[in-house]
């Protein structure tokens, strides 16, 4: 299954260090810029279409406003002591060597301007504290390097003061938007969502047709009419899933997995055409208002359909917004069933179903795979799952081990809260940034190559639409095939046996099945 | 002024022969003014900044992993951060070693210095005295390591501004002059103590005119003055970082701030939205 010749050697060899620090190369990524947004899309989001004449004034005022409205932004701009603990933590720095991709240097692009206009030291002694005027060159530099940050928060875990570059990067993008400098990828997608309900621009009819096709596929495979309901009023569960689950590989296989789990659990569920998107790109551009508006669609859909519960599909940033922000942005959800978490993650649902012995599982169905798991950054560092701390790490592994016989973790410093971003998160999953995406994936790919070398791992699973798309694009650059990235619920789908399903070796098993322990 | 101290020293501004503005008196008065101003700037400046941090709302729940689910858990997390520098330990051992030597060396040294401000000296300050000596070396070693790293390590050199070096040099100056007075050029420590206890009682006595002492206390005053307008604010700032201080319970408790509540309401049902 893997193009890389990994299992031919006699003994494991050292593949490379995922944490290897490159030599500093100033300006290495200065020319890598994502496309600017069309004026129309900026306006759709409530921003000026093009660069304002008085942009400098507006940008400075915006920085002041954000410092008043957001404690994180204000405190983080003040408290950095330049200790350097974060400098080797960003996957984009490790992959590119461009010093402005070191978290502290990235923050300083904005901090230097904040100091100049808002602090005593910067106003009177700019040379002493590295403060600088806001010029057009600085604005361009912001656009370049704040679109080379995937807002993955790995640096925040490393910082002794918890300074979160994601907060600075979101604020910077909001300042850019407020003066009419938007990014095409994010703004176009948010505009599309506001019109059609999803990032893809799929209308309800097309969505209906897609789901019907998938139902046919499922029935062909299992002989059982497993449904993928759309806009069913009175269903118990509203599934909010990334629109990539409707068309992309391996995302679709994950969607089929949710359908099988829901079917096996015997719950009624539905997708909404109005809120047919889990991802909330409002977060990427740091716009509270846009994020709220996108989130609000979920509330409206849940009310309109009269559901009792909301379950999120596999989508990393969506889950951060879902878990950490949804209650704030679109709550209170007092009209839903309070006996379940609001919202719930499909992983929590499946893990519970496994615990309760509801799912019949044949682990041998996944024996062709030797699996590892990629903790998606926003799930790992921006949210949680389950009742126990660290559930966002443990539940996906528990589910994987319940449906696969072969599972190994990657190196400890590259997983769980120290996981590396896939290289495509935070609004960077666009072809115009492919160079950055390939380089940014290097630390993760090196850790994967090592576990492939040591344990013969062939495939990696993830629970984020962006990770899946990113890896299927960049894995071929690192010696893997594009289908070496799988959805966790794809593996669940493979292993689950539905009642009445034709199955020659019907050795349904549950919790008794001992899973292969990671080393 | 406590008894026993007054008897030993003359105040240039009180008693006997009236006000005599000799060179020594000018120095004593200058340093008195400096310390009063520095203390006011430190307290007011830090207080104002902390007030601003506290007043600024955190609109969203952004705790960063590993995030505790309870308030108690957050208290333990912060205690570990403050006492052990936990995150720094996990992310960079060298910076942790130097940073820890410096900060905790400085803490013990500061505790040792309490003897110059208390009469009689508190019992536990007496106990700290011998450790304070070693702590001084630890502090210098830590500062030296941090400065060396800043100069030698390419990545840290890249992110450093002049103020980052000067801050370390200032601290090294403070620790260094302190050590010099201990081991090389003794100053009249009894008179120093009388001077500072005098200041605490709003009386200006005579400060010993040893240059090393004057550099030492002058640097301390400078540090106090720049504290609120510099990166030294990391000390109180640590307690206002939402990524570390927030409880991870967004699903259970609705987190809301005032400005967000005042945003224009969005339509509740889909039909309205479509028409609007």
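Computed from the coordinates by the stated procedures, all read-outs in this text should not be read as laboratory data. Keep in mind it's a predicted model, so treat the numbers as computed, not measured. Positions of Cβ are generated from backbone atoms using ideal geometry, with glycine treated the same way; all protein chains shown enter the neighbour counts.
On the first, second and third principal axes, largest extent first, how far apart are the outermost C-alpha atoms of the range A:39-182 in Å?
40, 36, 27
In whole Å and largest first, what semi-axes does the C-alpha gyration tensor of chain B yield when each eigenvalue is scaled by 5 and square-rooted? Intermediate results must be reported in sequence, preceding the final value.
Working: eigenvalues 430, 120, 67 Å².
So the equivalent ellipsoid measures 46, 24, 18 Å along its semi-axes.
For the range B:120-244, what is Rg from Cα atoms divided by 2.2 N^0.38 Å, rounded to two decimals?
Details: Rg = 17.4 Å, N = 125, 2.2 N^0.38 = 13.8 Å.
In units of the globular-protein estimate, the range B:120-244 measures up at 1.26.
For the range B:243-264 and the range A:432-455, what is the separation of their Cα centres, given in Å?
36 Å
How many nm is it between the label spots at residue A:481 and residue A:19, if each spot is 7 Å from the Cα in line with the beta carbon?
3.4 nm
Using all C-alpha to C-alpha distances in the range A:48-101, build P(r) with 10 Å bins and read off the rounded percent in each one.
Pair shares across the bins are 20, 27, 34, 19.
Using the alpha-carbon centroid of each, what span in Å lies between the range A:255-275 and the range A:145-180?
35 Å
Once you average over the residues of A:316-322, how many Cβ atoms of partner chains fall within 10 Å of each Cβ? Display every interim value, and only then the final one.
Values: counts 0, 0, 0, 0, 3, 1, 2.
Taking all residues of A:316-322 together, the mean is 1.
I want the antiparallel fraction of DSSP beta bridges within the protein assembly as shown, as a percent rounded to 5.
Numbers: 3 of 20 bridges.
Of all bridge pairs located within the protein assembly as shown, approximately 15 percent are antiparallel.
Can you tell me the Rg and the Dmax, both Å, for the Cα atoms in the range A:325-408?
Every Cα atom of the range A:325-408 included, Rg and Dmax give 15.1, 45 Å.
Could you work out the relative contact order of chain B, using alpha carbon pairs under 8 angstrom and six or more residues apart, expressed as a whole percent?
Numbers: 252 pairs, mean separation 96.3, N = 276.
Reported relative contact order: 35 percent.
If you average 1/r over every pair of different alpha-carbon atoms in the protein assembly as shown and take one over that average, what Kirkwood value in Å do you get?
On the way: mean 1/r = 0.0347 Å⁻¹.
Over the protein assembly as shown, the inverse of the mean reciprocal pair distance is 28.8 Å.
Can you pull a Stokes-Einstein diffusion coefficient for the range A:191-495 at 10 °C (1.306 mPa s), Rh from Kirkwood over Cα pairs, as a whole number of µm²/s?
Values: Rh = 19.2 Å.
Rounded to a whole number, D works out at 83 µm²/s.
Given the C-alpha centroids of the range B:125-183 and the range B:48-72, what is the distance between them in whole angstrom?
31 Å
Classify the range A:110-166: rounded, prolate or oblate, from the alpha-carbon gyration tensor (a ≥ b ≥ c, eigenvalue square roots; a/c under 1.5 rounded; otherwise prolate if a/b is larger than b/c)? Let's see the in-between values first.
Working: a/c = 3.49, a/b = 1.38, b/c = 2.52.
Oblate, since a/c reaches 1.5 and b/c is not below a/b.
In Å and whole numbers, how far do the C-alpha atoms of the range B:146-193 stretch along each principal axis, longest first?
Cα spread of the range B:146-193 along its principal axes, largest to smallest: 46, 17, 10 Å.
I need the peptides A:201-214, A:105-118 ranked by packing, meaning the mean over residues of other C-beta atoms within 10 angstrom, with the highest value on top.
Working: A:201-214: 15.9, A:105-118: 21.8.
My ranking of the peptides, most packed first, is A:105-118, A:201-214.
Provide, for q = 0.14, 0.15, 0.19 Å⁻¹, the log10 of I(q)/I(0) from a solvent-free Debye sum over equal Cα point scatterers in the range B:176-245.
-0.61, -0.66, -0.84
Run the numbers for residue B:122 and residue B:154: contour at 0.36 nm per residue of separation, minus the present Cα-Cα distance, in nm.
Working: separation 32, 0.36 × 32 = 11.52 nm, distance 4.63 nm.
Difference between extended and current length: 6.9 nm.
What shape does the range A:264-376 take by its C-alpha gyration tensor, where a ≥ b ≥ c are the square roots of the eigenvalues and a/c under 1.5 counts as rounded, a/b above b/c as prolate, and the rest as oblate? Walk me through the numbers on the way to the answer.
Values: a/c = 2.43, a/b = 1.48, b/c = 1.64.
Oblate, because a/c is 1.5 or more while a/b does not exceed b/c.
Using only atoms on other chains, find how many Cβ atoms lie within 10 Å of each Cβ of peptide A:413-426 and report the average. Write out the running numbers ahead of the final one.
Details: counts 2, 0, 0, 2, 5, 3, 1, 0, 0, 0, 0, 0, 0, 0.
Mean inter-chain Cβ contacts per residue within 10 Å come to 1.
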